[in-house]
Amino acid sequence: RHHESPRRVKRAWVIPPISVSENHKRIPHLLVQIKSDKQQPGGVIYSIKGPGVDEEPLGIFSIDKFSGKVFLNAMLDREENDRYRLRAFALDLGGVTLEDPTDLEIIVVDQNDNRPLFRQDVFTGHVVEGAEPGTCVMTVDATDADDPDTDNAALRYSILEQGAAGMFSINATTGEICTAQPGLDRETMGVYNLTVQVADMSGDGLTTTAMAVIYLEDINDNPPEFTKEEFSMEVEEQAAGVDVGKVFMHDKDLAGSPSWLAKYTILEGDPEGAFAIRTDPHTNDGVLSVVKPLDHEVRDRFELTVSVQNEQPLEPTAPASPRALATVRVRVRDVNEAPVFRENPRRISVLEGTPPGTPITTYTASDPDTHQIQTLTYALLYDPADWLQLDPHAGTVRTKRELLHPSAFLQGGWYIALVLARDDAEPPLSATGTLSIEILEVNDHAPQLQPPAGVLCGRPGRGGTLLLGATDDDRPPHGAPFHFQLSPQQPQLARNWSITRFNVTHAVLAVLAELPEGPYSLPLLLRDSGTPPQEQQQLLNVSVCHCGRDGTCQDGVLAAATAGAGITLGALLIILGSSILLLVLAALGAVRVRGRRRAPREGLLERSRDDMRDNILNYDEQGGGEEDQDAYDINQLRHPELFSARAKPPVRRDAPLSSGTSLAPRKLPNSPSDIEDFINEGLEAADSDPSVPPYDTALIYDYEGSGSVASPLSSIVSSLTDEDQDYDYLSEWGPRFRRLADLYG
């Protein structure tokens, strides 16, 4: 058996990697020659393929197809491509493959053709002043495009320039910058500008520089100090909330920082707290102001001790120093001040009815300007009722007219006036004082009986009572409660009448014995509760009426008219006669108006007796008598077509007056069946009357009924006494009314 052995590859066809330096300038440059021993020389055709040949970038490599020599046709850049992998082919002249394709690797060798570059042109760092040596501030770094595995990219850092003293150092390998010496002071030098350099080839190659800026951060290592030891200022008296002046300070720390901001304090010289000092946020100066009004006459100058310090405490490393102090002298300038009413408002009390010219008070002001001689004058600024007069020099207030109660100018019994006090300075100043005068009530009015007349049933018990009331023009406590009693001068009245108290303003008059009908005049004595009390005897006109079964007046209307008539029967007859005359005049006017109304268009229906119906009531004819109150069937007006036989032809509303029409008063119908003729005659009279405008309209009313299903209401005062009431039925209403049944049963 024959074993197949591995195919042997000729050494000439195996091509090792080829190295070529970047930036090679001799072009074309022979890189290698490949060959195949399958055929005699001249019988093989060579070719290569890959990047740099038939792939981008094109045209960098080429091969002589007959000799197999591979050439470099362009300069190489390792930073763009550090190696190329090609494929080599060998064919005979007929195009038949003689060898398997082989790899051809071309390695680009690096040259130091790139400078190192810092990542930024300026690096910024911060470090507090007074930092210890070795305190790292920042790191500068750079890059190099050359091969990092060669010295071409081996970078080294250094500081080329940093000024005097060499306060900073840099790590050559990492680029970290740290403090090198103590003594960093922002107030001496606040910013350090360093020039740093980076070089490749371990510091011996290409170089680049950049700037490193280091800022020293401030700490509170300097206390504030006043620019001088004394400050002088002036302020007007009575000024409050105004700035007096400024005190100035200096702080070496960074302006605007917490270490620079100042805080001021008034230590001495202001026991009353009249001054305040604050910090100007923009300039850091101290602003002194007045918070309470100053009085030149009391104190004309102040000497204040002011201190200043930072809002933040000093650093422990700061040198010790005493607290900054300054003296501020403030002079108070004298100015004209307005008069002052020490008692404002002034409250006084005056009895009502005080006669004119009575002095009631002396209301004066004082002038705070004790160092200036000035005269005050007074005037009434507000006196709405013109009740007062004022002495312009002494300030004495007198009554100009009698002060009376009530008045529209009183507010809760008080009268308000304004007094003006003015000095004689230039310009003059004034002040206003309020004078509140309480008008004290005087009991100068007796209570008045209201109403002075009434009606009651002449039977004792139910219905034989009358509620009496009284009013008093005086205000409390000179009014109610009122006391009612029968005149002590006529003791015989107590046999038939009695008065009991109902409340503080009312009493109940009761009949003790059955009295005949008619008017009675009872003298009553009314007294108020004032100090001293006022009393007055007055007549009460009482009309005793005929009593019904329920204790009410049977003829209530007549009794009421009689009660309100007056004292004598003659006066009653005069009032009744006047009332009858007015009724007659009203009746005549109603007849004239009724003659001008327009009747309905058609006839009337007869009255039905089987169902409920509307009715017509004749209004505005008070003189017509009781027959006008009778109702008639209105269905004749609602259904005129059923009764058209009795209708008359229509008459023009603007027709002239007919000679056959009588203008004499018409006779009222005797029964409801004659109402149709009555209405039609009225319509004809209205249409024929030239004194009325055309298109007059008859007014139609509904009948309101002849009576009420409700029982009559008794007098209000009839229920004031409970002696005739029977409340036993309350016990039958359940447990909720049991308490009432116990009280009244």
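The values are calculated or read from the model by the stated rules, or taken from the named source; none is laboratory data. It should be emphasised that the depicted structure is a prediction, and the values quoted were computed from it without experimental measurement. Cβ sites come from the backbone with ideal geometry, for glycine too, and all protein chains shown count toward neighbours. Protein only, heavy atoms only, side chains kept; ligands, DNA and RNA dropped before computing areas. Shrake-Rupley method; radii C 1.70, N 1.55, O 1.52, S 1.80 Å.
Each of the peptides 207-217, 401-411, 576-586 was scored by the mean count of other Cβ atoms within 10 Å over its residues; in descending order, highest first, they stand as 207-217, 401-411, 576-586. Net charge in the neighbourhood of residue 731 (other residues with Cβ under 9 Å of its Cβ; Lys, Arg +1, Asp, Glu -1) is -2. Cα centroids of the stretch 381-399 and the stretch 452-501: 47 Å apart.
Find the accessible area per residue for the stretch 346-440; the probe is 1.4 Å, ligands and nucleic acids are left out, and the unit is Å².
Numbers: 4870 Å² over 95 residues.
I get 51 Å² per residue for the stretch 346-440.
If the viscosity is 0.890 mPa s and the temperature 25 °C, what translational diffusion coefficient in µm²/s does Stokes-Einstein give for the stretch 117-217 when Rh comes from Kirkwood over Cα pairs? Estimated diffusion coefficient is 176 µm²/s. Using a simple spin-label model with pseudo-atoms 7 Å out from Cα toward Cβ, residue 440 and residue 149 lie 12.3 nm apart. If each Cα of the stretch 448-545 is one equal point scatterer, what is log10 of I(q)/I(0) from the Debye formula at q = 0.11, 0.14 Å⁻¹? Results for the stretch 448-545 at q = 0.11, 0.14 Å⁻¹ read -0.31, -0.50. The dipole here belongs to the stretch 342-475: it is taken about the Cα centre, uses +1 on the Cβ of Lys and Arg and -1 on the Cβ of Asp and Glu, and is about 760 debye.
Based on the Cβ-Cβ distance of residue 291 and residue 206, what FRET efficiency does E = 1/(1 + (r/R0)^6) give at R0 = 60 Å, to the nearest 0.05?
My answer for the efficiency is 0.25.
Could you compute the net charge surrounding residue 477? Neighbours are other residues with a C-beta less than 13 Å from the C-beta of residue 477; K and R count +1, D and E count -1. Walk me through the numbers on the way to the answer.
Values: positive: 475; negative: 441, 472, 474, 528.
Combined, the nearby Lys, Arg, Asp and Glu give -3.
Compute the length gained on full extension between residue 588 and residue 176: take 0.36 nm times their separation in residues and subtract their Cα-Cα distance, giving the result in nm to one decimal.
Working: separation 412, 0.36 × 412 = 148.32 nm, distance 12.93 nm.
Gain on extension, residue 588 to residue 176, equals 135.4 nm.
Extension gain for residue 193-residue 729 works out to 181.3 nm (0.36 nm per residue, less the C-alpha to C-alpha distance). With Rh defined as the Kirkwood radius, the inverse of the mean 1/r over Cα pairs, the Rg/Rh of the stretch 346-440 is 1.03. Rolling a 1.4 Å probe over the protein heavy atoms gives the stretch 448-545 an accessible area of 48 Å² per residue.
Computed over the alpha-carbon atoms, the stretch 18-109 gives an Rg to Rh ratio of 1.00, Rh here being the Kirkwood radius from the mean inverse distance.
The calculated FRET efficiency for the pair residue 321 and residue 373, based on their C-beta separation and a Förster distance of 45 Å, comes to about 0.25.
Computing the accessible area with a 1.4 Å probe over protein heavy atoms, can you report the carbon and sulfur percentage for the stretch 223-339? Result for the stretch 223-339: 51 percent of the exposed heavy-atom area is carbon or sulfur. The modelled label-to-label distance between residue 122 and residue 232, using points 7 Å beyond Cα along the C-beta direction, is 5.0 nm. Among the GluC sites (Glu not before Pro) within the stretch 219-295, those in coil by DSSP and having at most 13 neighbouring Cβ atoms inside 10 Å are 229, 272. Check each of the GluC sites (Glu not before Pro) in the stretch 291-362 and keep only those in coil by DSSP with at most 13 other C-beta atoms within 10 angstrom; list them in order. Within the stretch 291-362, the qualifying GluC sites (Glu not before Pro) (loop, at most 13 other Cβ atoms within 10 Å) are 311, 343. For residue 18 and residue 62, what does the FRET efficiency come to when R0 = 22 Å and r is the distance between their Cβ atoms, rounded to the nearest 0.05? In this case the efficiency is close to 0.95. Using the Cβ of residue 22 as centre and a radius below 14 Å, the other residues enclosed give a net charge of -4, where K and R count +1 and D and E count -1.
Per residue, the accessible area of the stretch 117-217 comes to 49 Å², computed with a 1.4 Å probe over protein heavy atoms only.
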